[in-house]
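Notes follow the structure.
The values are calculated or read from the model by the stated rules, or taken from the named source; none is laboratory data. Remember, it's a predicted structure, so these values are computed and weren't measured experimentally. Every residue, glycine among them, receives a Cβ derived from its backbone with ideal geometry; neighbour counts consider all protein chains shown. SASA here: full protein model, heavy atoms, side chains in, ligands and nucleic acids out. Shrake-Rupley method; radii C 1.70, N 1.55, O 1.52, S 1.80 Å.
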Amino acid sequence: MHELEWAPITLETGLRVLDLIGVLAFAMSGALLGVRKRFDLFGVLVLGCVTAVGGGAIRDTLTGQTPPLFLRDETYLYAALLGSGLAFAFGARLARFERTLSVFDTAGLGLFAASGAIGALNFGLGPLGVVFAGMLSGVGGGVIRDLIANEVPEIMYRSEQLYATAAAAGALTVWLLHPHVTPFQAQFSGALVVWALRWISRRGWVRLPVRRLPEDNPAD
């Protein structure tokens, strides 16, 4: 009898899987918001897909990889359509859970911030460039989602929940680790940092300072 031989997972395969998981998560995040806003099927699919590929498109444009990856490899669009379709089909159930959208959004944020940092490293950017590209890659899809859905982007006002700051920290983690570990390990570690910071901030253990003007205080 011949023993089954399992082909090892290559670095490229691992990074691709993480990217596709991020696309799926962001697609569900955007599509669920569309369901909550009572968009029709087309609107939900558009919102989900734009949310899913928006951050990656920003990442690829910043790092000079044009056209963006989702146009060169339609697997990403299929993943975005799948996530959007699942959210539309089961949105009535998922929407009952208050934290569902946040879970998918946080998953996509971490994976895209880390993959954006990897792309910036491959392009030869320095630490600030890596952090900036990773942050924009992570928050870009969410910002586009909120603007299309007529919502104020979360990164503009929710100081009690780290969002863009968490994405920047994840990208910085990738830059710090990349000389010592594989790109897959660096990307996964960066995503873990984002998830951890989001989890900590949602529990009120850390927040960003907010500057208030004197006129913001009501008169005695």
* **Sum of side-chain charges, residue 133 neighbourhood, beta-carbon under 14 Å (Lys, Arg +1; Asp, Glu -1)** => 0
* **Order of exposure, largest accessible area first, which applies to 203, 145 with probe 1.4 Å** => 203, 145
* Structure fact -> Quick tally, 1.4 Å probe accessible area for 28, 135, sorted with the most first, runs 135, 28
* To do: Using a 1.4 angstrom probe on the protein heavy atoms only, line up 51, 66, 75 by accessible area, largest first.
  => 66, 75, 51
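Of all the accessible heavy-atom surface of segment 19-145, with the other protein chains kept in place and a 1.4 Å probe, what percent is carbon and sulfur?
Details: 3720 of 5490 Å².
Carbon plus sulfur share of accessible area: 68 percent.
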* To do: Would you tell me the accessible area of residue 93, worked out with a 1.4 angstrom probe on the heavy atoms of the protein chains, in Å² to the nearest 10?
  => 150
* Asked: So for the pair residue 40, residue 149, with labels modelled 7 Å out along Cα→Cβ, what separation do we get in nm?
  -> 2.0
